[in-house]
1. Determine which lysines satisfy two conditions relative to B:LYS89: a Cα distance under 24 Å, and not lying fewer than 8 residues away in the same chain.
2. Could you look at the range A:1-84 and say what percent of its accessible area is carbon and sulfur, using a 1.4 Å probe and all protein chains?
3. In debye, nearest 20: dipole of chain B around its Cα centre with unit charges on the Cβ of K, R (+) and D, E (-)?
4. Mean residue ellipticity at 222 nm from the helices of chain A, using -39,500 (n - 2.57) per DSSP H segment of n ≥ 4 over the full residue count, to the nearest 500 deg cm²/dmol?
5. Is the shape of chain B best called rounded, prolate or oblate, per the rule: a/c under 1.5 gives rounded, else a/b larger than b/c gives prolate, else oblate, with a ≥ b ≥ c the square roots of the Cα gyration tensor eigenvalues?
6. Going by the rotation axis that takes chain B to chain A, pick out the residue of B with the closest C-beta and quote the gap in whole Å.
7. When all alpha-carbon pairs of the protein assembly as shown are counted, what percent fall beyond 27 Å?
8. If one computes the Cα centroid of the range A:31-96 and of the range B:1-74, what distance in Å separates the two points?
There are 2 protein chains.
Amino acid sequence: MSLKNTFVHHVHFWLKDKADQPKLIEGLNTLLPITSIRDIHIGVPADTNRDVIDRSYDVSLLILFDGSAEQEAYQVDPTHVLFAENYAKPLCAKVVVQDSINI
Amino acid sequence: MSLKNTFVHHVHFWLKDKADQPKLIEGLNTLLPITSIRDIHIGVPADTNRDVIDRSYDVSLLILFDGSAEQEAYQVDPTHVLFAENYAKPLCAKVVVQDSINI
């Protein structure tokens, strides 16, 4: 199925200490009740391994929103703000976000 | 909705020449009939712009598969092989793939 009217928000997290992976995932699970989220996937690198594959990150968060307004609502949702303060910022050495919209 | 049993395959493309964006997108659209694909999103950077956001890529391809077997079938599907040869390789300076599975 071709996903139309979809705002793709993909975040990759690199931990300061790989031992904190369960704690970060615990934090990501606190995001599940946020109502502006359409679909959410919390993941780790697959075992694929080719030249073009980046498997250096520790945890992946993919969220599909209905559009830009929903993504903006998510950014300011208190549950997301708490996640950023209590989990992402203290635990991560690097966070990269890629936001894509349909063409 | 929390996406379970989902193999996330996200590819970001950086073109040699930004004028080739329509041609690459034409190529990506040839992938749509591949039967191992569950969901596909062809996109470009959203207008979000914060420190953590990477908006340097030219085109995004997100595919959701039911699992690793479907992703492997896609890699060797003749339609995908032709896309790689005729569009991705000649047009792109850099391609980065991030594959993630549920935890």
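1. Here the lysines satisfying the reach criterion relative to B:LYS89 are B:LYS16, B:LYS18, B:LYS23.
2. Working: 2070 of 3860 Å².
Roughly 54 percent, rounded to a whole number.
3. Details: 9 positive and 14 negative charges, 38 e Å.
That gives chain B a dipole magnitude of about 180 debye.
4. Numbers: 3 runs with 24 residues, N = 103.
Taking each H run of at least 4 residues, the total per residue is -6000 deg cm²/dmol.
5. Working: a/c = 2.09, a/b = 1.15, b/c = 1.82.
Taking the square roots of the gyration eigenvalues as a ≥ b ≥ c, chain B is oblate.
6. B:HIS10, 3
7. Value for the protein assembly as shown (Cα pairs over 27 Å): 27 percent.
8. Between the Cα centres of the range A:31-96 and the range B:1-74 lies a distance of 17 Å.
The values are calculated or read from the model by the stated rules, or taken from the named source; none is laboratory data. Worth saying up front: this structure is predicted, and the values here are computed from it rather than measured. Methodologically, a virtual Cβ is constructed for each residue, glycine included, from the backbone with ideal geometry; neighbour enumeration extends over all protein chains shown. What goes into the accessible areas is simple: the full protein's heavy atoms, side chains included, and nothing from ligands, DNA or RNA. Shrake-Rupley method; radii C 1.70, N 1.55, O 1.52, S 1.80 Å.
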